[in-house]
Amino acid sequence: MKEISKAEEVVLLAILRLEKNAYGVSIRRQIIQTAGKDYTYGTLYGLLRQLVCKGFVHKRLGDPTPEKGGRRKAYFDLTSQGVQALKDAIAFHSQVWKDLDKNSFDRV
Amino acid sequence: MSDRSQIQKPPRLTEWFIKFLSWSDDKDVILENLREEYEDRVSAQGRFSARLWYRLHALKSVLPFISFELIWRISMFKNYLKIAFRNIKKYKVYSFINILGLAVGMACCILILLWVQDEVSYDRFHENGDNLYRITVDLNGNVWRSSPWALFAALKRDYPEIEMGTWYYETTVNSRYQQHNYNEDIVLVAPEFFKMFTYPIVQGDAETPLSDLNSVVISEKTAAKYFGTADPVGKIIQFENSVDLMVTGVMEDVPANSHMEFDLVARPEVFLPKERILMWRMDCPSYLLLSEGTNYQEVVGKIADSINRYDQQPTKYIVGLQPLRKIHLYALNGTDPIVYIYIFFSIAVLILLIACINFMNLSTARSSHRAKEIGMRKVIGASRGDVIKQFFSESVLLSLMALVFAVVAVHLCLPAFNIFAEKQLTLDLFGNAKIGIGLMLITLLTGLISGSYPSFYLSSFQPVAILRKTIRKGGKSKILRRALIIFQFTVAVGLIISTLIILKQMRFIYSKDLGFDRSNVLTLNLSENLRGKYVSLKEDLLKNAEVENVSAANSLPMRIRNNNTVYWEGKSREQAEMIHFVCVDYDYFETMQMEIVSGRSFSRDFPTDTNNYIINETALRMTGYENPIGKMYAVIKSRDNPENDIGVLVGVVKDFHGTPLHDEIHPTVFMLYDMLPKFRIFIRINSSDIAGTIDHIKETFSAFSPDYIFEYRFLDEQFDQMYRTEHNLQALLKTFTIFAIFVSCLGLFGLASFMAEQRTKEVAIRKVLGAKTVDVMAKLSKEFVVLVLLANILAWPGAFYFMNSWLQGFAYHTKIEWFIFIFAGIMAVLIALLTVSFVAYRAASSSPAKALKHE
């Protein structure tokens, strides 16, 4: 099972935090807030599409906007595989970082 | 909460930019998001910084957009390819027919394009190519490529724009080096020849190889012939038993795509008498090199009347210049060979089109097989554009596969094709990048053209209609499919008609009575040595019982090209007219079996005959004489001594074809006078043992000159040689007609099989109800026969027009007869019937039970 990339991880976590409220703008804002990374919409939607392809994220069309002929907003939710992928990521990370923390670098 | 009444729109331009970039479905959503964030920023940071942020953001997004688009597209293509392969495997027969058709079409196209490319590349290798010109002389509407010897030097002297010039005099000489003894074709030029033209010298003096009069430059293969691996430079070869020339340079063999072909180069002063080289009479081609940037039209204007000025001759010669690049493809009189290039190019395109049409027809006819797949794709979310892209990739894939077969086929056919076309074409994929690119382009073009109609047709299927199984068997599409078949067969029929007519014309040419008997006559070129002993040689030859007659002349009877001016009673010397002439020996007309219609042939009984003339009927008409025998006639032999020119007509010979059948018969005068050396000897033999006779003749020659190289040709062979172009044209056309028919039939076969398949149930039911196999077959075939008949009617006018124009290029040609068209039509119908009935038979004879079992 291939590990998810860092960028994918960041997006998944953002969606996790936003619970049912994850859409383009909110995801981007969330990532800026927590990770400090300013992803462009191009990058973001590319990642989202990839995640949908892999089955980690599900794209849901929400209610139409109140304007006439309003479009539906696209919301993104984590799927069960997505959750599993995050769990794997944490496990992988702890395994790789086992017994190390930010103080271990002084040895070098 | 932002004030909705003050909705700020994000920068328009940038919006459109993003819309343009992102082709996926997300683009609306992305714009939505951007708009929302934009609004928030406007209220938070103000309009200006919000717009700035928007624009920057768009720019930053470009790269990610593109890369993700690519990744997505690539994975879509992987899917398309997978499905395409699956389809090919599933319907092996149809796929094979498709690929075969495309491959044949592409192979033809490639072959023809190789040929065209070669023709167009003639003479392009000269560095000074843009500034090189051949001098032409126009007299009375006929343009000659020869010009006077003394002309170019005079022009160079008087016009500074003319930098260099040279003659190009082709002749045959005898050569000897140690044990080697040959008749060589040699070319006599001015020393600047190698500075003007790019024929690289690889050994010896590369700068001024012909500066010394007694030098000769030879080609690499000639060097190998004479000297093997030894160094040729400095060696001396003897020519004509008297002229010793030293090899001062070895040049690269002349490439095939050069209109000048030669292996030895020397200077004329050592072979020709001085007076000849200072002459003002037209003799051989001359070339000029103009300085860079000169407008050659201006120069033409200045030199147009130069011959008349320099030579003070009363006759009007108009001097012109022909650019080097145009020499091969544009004739001076009559049809330009470039016409053939256009013709063949069009044929190539047509054959390719036919192949593409096959593909189109087959794909659309079998559309029901793909209907479900297309419906599903659309349901899942594919746009029409996506489906279009899918089918384009399928057609391009098939084209690529066809390309592989085509390349293999071309490799196999190239040797035979080269013989036909008399070229040395190669399909050098790796050496020449242009060919590789060209092939890719052809493949792409084929794929796009053949995929165009099916893509648009198939992508128009609506999912609902498919799932409800109510696809109309489209009336429109049926008509189009029929139109395509008609087009294919129109082309095929057109080609059949053209081939038949060309064949007829060729047969006409070969069997036409030329006015002289060209069979059983040997011709040889006499060396200088033998020319001196000609009279005794002739006596000895005639001692042979199998030799009927011997004569000599300065040219072949069907290739009379030398011209001069003549006048007669009632005309003054200044009013002399152009005419063709031949210097002949006694017995010429008897040897050639030309008919003398009044008067007599030259005879030794009349010593004054050496100053007398015989003319042909056309020349007689020019004079207007009623009783020509004994009347005055004069041929201007030289500028001085006008009394020498005047003679008397002793005979009139029946008109014969002294030039190819493209031309009208020219007025011609015959004389015994040696204006040009009579180096061609003609021997008429009359025995059944040709080989034996030739041996006897050979012995006779060696008795006179032991090192004479006995190279003989038969007159009728040489005649055939003249029509090489037409012969090749006919051969090529035949081949391509067969291809076109093959490809059309392939398409017909595919389509017919498919339609038969569709109607298996109908056929089965008919049989159950009592129809005989034959009836069923007839019913199935009728449709197609009608189409072919229609194609015929369309093809006839076009073919007639083109063939008529081609035939007009011949002054003497056969008539286009009605039965040719009927014959072509019947042939086409038969071929179509054959194809279709094969399918129909299979369909009609299948057991009804099997067909209805799956009900």
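The values are calculated or read from the model by the stated rules, or taken from the named source; none is laboratory data. The model shown is predicted, which means the values in this text are computed figures rather than measured ones. With ideal geometry, Cβ positions are generated from the backbone for all residues, glycine too; neighbour counts draw on all protein chains shown. These accessible areas exclude ligands, DNA and RNA; they are computed on the full protein's heavy atoms, side chains included. Shrake-Rupley method; radii C 1.70, N 1.55, O 1.52, S 1.80 Å.
Here are some residues: B:Ile303, B:Ile318, B:Ile327. Which one is open to solvent by 40 Å² or more (accessible area, probe 1.4 Å), modelled with pLDDT of 80 or more and within 23 Å of B:Val137 (Cα to Cα)? Every option except B:Ile318 fails the conditions. Quick check on A:Phe92: is it open to solvent by 80 Å² or more (accessible area, probe 1.4 Å), more than 12 Å from chain B (Cβ to nearest Cβ) and at pLDDT 85 or above? Here the answer is yes, as A:Phe92 does meet what is asked. Condition check: over 30 Å from B:Lys60 (Cβ atoms) and free of Cβ contacts under 8 Å to residues at least 60 places away in the same chain. Does A:Val96 satisfy that? Taking the combined requirement at face value, the residue satisfies it.
For the stretch A:54-71, state whether one or more residues are surrounded by 15 or more Cβ atoms within 10 Å (Cβ to Cβ), in contact (Cβ under 8 Å) with a residue 60 or more places away in the chain and of a type outside the set (D, E, K, R). No - not one qualifying residue is present in the stretch A:54-71. Of the residues B:Ser383, B:Ser346, B:Ser368, B:Ser393, the single one that is under 29 Å from B:Gly436 (Cβ atoms) and surrounded by fewer than 16 Cβ atoms within 10 Å (Cβ to Cβ) is B:Ser346. Annotation: B:Trp72 fulfils all but one of (1) open to solvent by 50 Å² or more (accessible area, probe 1.4 Å); (2) of a type outside the set (S, T, N, Q); (3) away from every other protein chain (no Cβ under 13 Å); the unmet one is (3). It is to be established whether one or more residues within the stretch A:30-43 are of a type outside the set (Gly, Ala, Ser), in contact with an Asp or Glu (Cβ under 8 Å, 6 or more places away or on another chain) and open to solvent by 10 Å² or more (accessible area, probe 1.4 Å). For the stretch A:30-43, residues of a type outside the set (Gly, Ala, Ser), in contact with an Asp or Glu (Cβ under 8 Å, 6 or more places away or on another chain) and open to solvent by 10 Å² or more (accessible area, probe 1.4 Å): present.
Is it fair to say B:Ala103 is hydrophobic (A, V, I, L, M, F, W, C), open to solvent by 40 Å² or more (accessible area, probe 1.4 Å) and more than 9 Å from chain A (Cβ to nearest Cβ)? For B:Ala103, the condition - hydrophobic (A, V, I, L, M, F, W, C), open to solvent by 40 Å² or more (accessible area, probe 1.4 Å) and more than 9 Å from chain A (Cβ to nearest Cβ) - is not met. Looking only at residues in the stretch B:192-203 that are in a helix (DSSP H, G or I) and of a type in the set (Phe, Trp, Tyr), the one that is nearest to B:Asn529 (Cα to Cα) is B:Phe193. Checked against the criterion of being outside any helix (DSSP H, G or I), farther than 30 Å from B:Ser399 by Cα and open to solvent by 30 Å² or more (accessible area, probe 1.4 Å), the stretch B:76-99 contains not a single residue that satisfies it. Look at (1) more than 34 Å from the chain's Cα centre (by Cα); (2) open to solvent by less than 30 Å² (accessible area, probe 1.4 Å) and you find that B:Lys571 fails only one, number (2).
For B:Glu292, the conditions (1) under 30 Å from B:Val143 (Cβ atoms); (2) open to solvent by less than 50 Å² (accessible area, probe 1.4 Å) are fulfilled apart from (2). Suppose the filter is open to solvent by 50 Å² or more (accessible area, probe 1.4 Å), closer than 28 Å to B:Ala421 by Cβ and hydrophobic (A, V, I, L, M, F, W, C); does B:Val120 pass it? Considered against the rule, which asks whether it is open to solvent by 50 Å² or more (accessible area, probe 1.4 Å), closer than 28 Å to B:Ala421 by Cβ and hydrophobic (A, V, I, L, M, F, W, C), B:Val120 comes out as yes.
Filtering the stretch B:258-274 to residues that are free of Cβ contacts under 8 Å to residues at least 60 places away in the same chain and either open to solvent by less than 40 Å² (accessible area, probe 1.4 Å) or under 29 Å from B:Pro160 (Cβ atoms) (or both) leaves B:Glu269, B:Val270, B:Lys274.
Could we say that A:Gly36 is within 13 Å of another protein chain (Cβ to nearest Cβ) and closer than 25 Å to B:Ile18 by Cα here?
no
Can you report the number of residues in the stretch B:18-39 which are open to solvent by 50 Å² or more (accessible area, probe 1.4 Å), modelled with pLDDT of 75 or more and more than 8 Å from chain A (Cβ to nearest Cβ)? Number satisfying all stated conditions: 1. If I filter the stretch A:3-25 for residues that are in a loop (DSSP other than H, G, I, E, B) and facing chain B (nearest Cβ under 10 Å), do I get at least one hit? There is no residue in the stretch A:3-25 that is in a loop (DSSP other than H, G, I, E, B) and facing chain B (nearest Cβ under 10 Å). Of all residues in the stretch B:154-191, those satisfying the criterion of being in a loop (DSSP other than H, G, I, E, B) and open to solvent by less than 60 Å² (accessible area, probe 1.4 Å) are B:Tyr159, B:Glu161, B:Tyr168, B:Val189, B:Ala190, B:Pro191. Among the residues of this structure, B:Ala402 does not count as one that is out of contact with any Gly (no Cβ under 6 Å at 6 or more places or on another chain), open to solvent by 30 Å² or more (accessible area, probe 1.4 Å) and part of a helix (DSSP H, G or I). Consider B:Ile435 carefully, then state whether it is surrounded by 12 or more Cβ atoms within 10 Å (Cβ to Cβ), modelled with pLDDT under 90 and touching a Ser or Thr at 6+ places or on another chain (Cβ under 6 Å). Spelling it out, it is not the case that B:Ile435 is surrounded by 12 or more Cβ atoms within 10 Å (Cβ to Cβ), modelled with pLDDT under 90 and touching a Ser or Thr at 6+ places or on another chain (Cβ under 6 Å). Looking across the stretch B:600-619, the residues that are without any contact (Cβ under 8 Å) to a residue 60 or more places away in the chain and surrounded by fewer than 20 Cβ atoms within 10 Å (Cβ to Cβ) come down to B:Arg600, B:Ser601, B:Ser603, B:Arg604, B:Asp605, B:Phe606, B:Pro607, B:Thr608, B:Glu617, B:Thr618. Could you list all residues from the stretch B:714-760 that are farther than 30 Å from B:Arg482 by Cα and touching a Leu at 6+ places or on another chain (Cβ under 7 Å)? Scanning the stretch B:714-760 gives B:Phe714, B:Gln718, B:Gln730.
Residues that are within 25 Å of the chain's Cα centre (by Cα) and small (Gly, Ala, Ser) within the stretch B:253-276 comprise B:Ala256, B:Ser258, listed in sequence order.
Residues of the stretch A:44-53 being open to solvent by less than 60 Å² (accessible area, probe 1.4 Å) and at the interface with chain B (Cβ under 9 Å from one of its Cβ atoms), which ones? Matches in the stretch A:44-53: A:Leu44, A:Tyr45, A:Gly46, A:Leu47, A:Leu48.
Note on the stretch B:503-522: among residues that are touching a Leu at 6+ places or on another chain (Cβ under 6 Å) and at pLDDT 80 or above, the one that is surrounded by the fewest Cβ atoms within 10 Å (Cβ to Cβ) is B:Arg518. Of the helices (runs of 4 or more DSSP H) entirely within the stretch B:212-319, those holding at least 1 residues that are closer than 20 Å to B:Trp149 by Cβ occupy B:274-277, B:296-303, B:306-311.
Scanning the stretch B:46-68 for residues that are closer than 17 Å to A:Tyr39 by Cα and more than 8 Å from every other protein chain (Cβ to nearest Cβ) returns B:Ala50, B:Leu52, B:Trp53, B:Tyr54, B:Arg55, B:Leu56, B:Ala58, B:Leu59, B:Ile66.
Residue pairs whose Cβ atoms lie under 6 Å apart, sitting 6 or more positions apart in sequence or on different chains, and linking a residue in the stretch B:801-818 that is open to solvent by less than 50 Å² (accessible area, probe 1.4 Å) to a partner that is part of a helix (DSSP H, G or I) and of a type in the set (S, T, N, Q), are B:Met803/B:Ser498; B:Thr814/B:Gln505.
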